[in-house]
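All remarks here apply to the structure that follows.
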2 protein chains.
Amino acid sequence: MEIDISKPILDRNERLASENRALFDANDVFVLDLMASPGAGKTSTILATIAALRDRYNIAVIEGDIASRVDAEKISAHGIPAVQINTGGACHLESDMIKRAIDALDLASLDIIIIENVGNLVCPTDFYLGEDAKVMILSIPEGHDKPYKYPNIFGVAEAVILNKYDTLSVFDFDESEFRQVVHSLNPSAPVFPVSATKGDGIDAWAEWLIARIESARAARAQS
Amino acid sequence: MEIDISKPILDRNERLASENRALFDANDVFVLDLMASPGAGKTSTILATIAALRDRYNIAVIEGDIASRVDAEKISAHGIPAVQINTGGACHLESDMIKRAIDALDLASLDIIIIENVGNLVCPTDFYLGEDAKVMILSIPEGHDKPYKYPNIFGVAEAVILNKYDTLSVFDFDESEFRQVVHSLNPSAPVFPVSATKGDGIDAWAEWLIARIESARAARAQS
């Protein structure tokens, strides 16, 4: 006999994600799930996004990693509340981990939570955490062929941030082919070339995110 | 009631891995499981390794990806037998997939099989495939803090290839801190700085690998 264990695990995850969602709705908090490979620049992109948005919104960050507090410490150093989740061995965040993390945050005082998922292009795509939107980062050094190999994540992301764009000349990255394949997998997802550590390109990404946040809030206000 | 499903899955994987191992032993084939993030340069490193070893050994490659035949085609273009495994959604290779892949190879004619695992620093570490050694690649753009965040993979790798070393000046990568943390997690693992696409540093890595292959073969000959 074989037992399909993926379904009950995903069902339980969905149920707890809905509970998270209800809490976010009650407090009018917009939640972004940011996914990428290890070292694509998730934390740097979050820091650049915080710099662009902090005058307008109250922001907190939930950091997911197998081990260490490296990223939460980087965020906290900028005066932003940060909760570190250590998954032990798990390759992605699940909604019960987010549930525990938000217990440590003052939701009523927040406008946005950015969740930095574990560095992985595969597993995080299957798990709804209660977020408003999933967005992914690909970095130039990873290569333009990644959408062929990891199509799911490019399919579920509402936007694709193309980070380390300042190193385009150093690597053999065909941006036109990349955009073409991303578009075929996900026609509505915009691609934002940025250099998170230098701040280049962050304006266009922040403008998109603000519009996305405001439309989610407007929809909530009507419902 | 909660059921721990990880144990039976791992048990089954171990059993099939032992069957793979028996086949490799019977044919005196050395098997390397190569693990890394997406875009760290696994395929380029395999091509550089093939160039260094092909006069001495008959080599085949098993390529693991969620989707696409991009990598197997790159390897085949160099006249090396390559089998592509598409895992569908799975984030790592398991021993039953390897079992099917080796059915497509002429083991008796081979000295080495290089397995390129799915791009992922987490999940592949838990699954024994029947290989002689696991080796990992980290690329400079990923950053020197990765051993803090993904300690398991640095613990199980017998050697660490530090790829895209030619871009060291472009990124904020502290090599001394990196080596220190890798050493604390895994005192016996050598670190090989290479630029796989340029061939720099491949000699030292290939020398280590040849010694590793020959010691495995000598041990097999005695048993």
Kindly provide the set of residues from region B:9-45 that are at pLDDT 95 or above, within 14 Å of chain A (Cβ to nearest Cβ) and part of a helix (DSSP H, G or I), ordered by number. B:LYS42, B:THR43, B:SER44, B:THR45
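So is A:ALA36 under 19 Å from the mean Cα position of the chain (by Cα), of a type in the set (Gly, Ala, Ser) and under 18 Å from A:THR87 (Cβ atoms) or not?
Working: under 19 Å from the mean Cα position of the chain (by Cα): yes; of a type in the set (Gly, Ala, Ser): yes; under 18 Å from A:THR87 (Cβ atoms): yes.
Considered against the rule, which asks whether it is under 19 Å from the mean Cα position of the chain (by Cα), of a type in the set (Gly, Ala, Ser) and under 18 Å from A:THR87 (Cβ atoms), A:ALA36 comes out as yes.
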Being part of a helix (DSSP H, G or I) and hydrophobic (A, V, I, L, M, F, W, C): is that true of B:ALA48 here? yes
Only one residue in B:VAL160, B:VAL181 is more than 21 Å from A:VAL170 (Cβ to Cβ), crowded, with 21+ Cβ neighbours inside 10 Å, among the aliphatic types (A, V, I, L, M) and at pLDDT 95 or above, so which one is that? B:VAL160
Being under 27 Å from B:LYS198 (Cα atoms), in contact with a strand residue (DSSP E or B) (Cβ under 7 Å, 6 or more places away or on another chain) and among the aromatic types (Phe, Trp, Tyr) is the filter here; which residues of region A:165-209 pass it? A:TYR165
Considering only residues that are crowded, with 16+ Cβ neighbours inside 10 Å, in a loop (DSSP other than H, G, I, E, B) and of a type outside the set (Ser, Thr, Tyr), look in region A:68-81 and name the one that is nearest to the other protein chains (Cβ to nearest Cβ). A:ILE80
Restricting region A:149-172 to residues that are within 12 Å of another protein chain (Cβ to nearest Cβ) and among the acidic types (Asp, Glu), the residue that is farthest from B:LEU121 (Cα to Cα): A:ASP166
Scanning region A:119-148 for residues that are among the aliphatic types (A, V, I, L, M) and under 10 Å from the mean Cα position of the chain (by Cα), the one farthest from the other protein chains (Cβ to nearest Cβ) turns out to be A:ALA133
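Each row is one residue, and each column tells you yes or no for (1) crowded, with 21+ Cβ neighbours inside 10 Å; (2) in contact with a Gly (Cβ under 9 Å, 6 or more places away or on another chain).
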| site | (1), (2) |
| --- | --- |
| B:GLU19 | no, yes |
| B:ALA22 | no, yes |
| B:ASP25 | no, no |
| B:LEU32 | yes, no |
| B:ALA52 | no, yes |
| B:ASN58 | no, no |
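The values are calculated or read from the model by the stated rules, or taken from the named source; none is laboratory data. These figures come from a predicted structure and were not determined experimentally. Ideal geometry is used to build each Cβ from the backbone, glycine not excepted, and the neighbour counts take in all protein chains shown.
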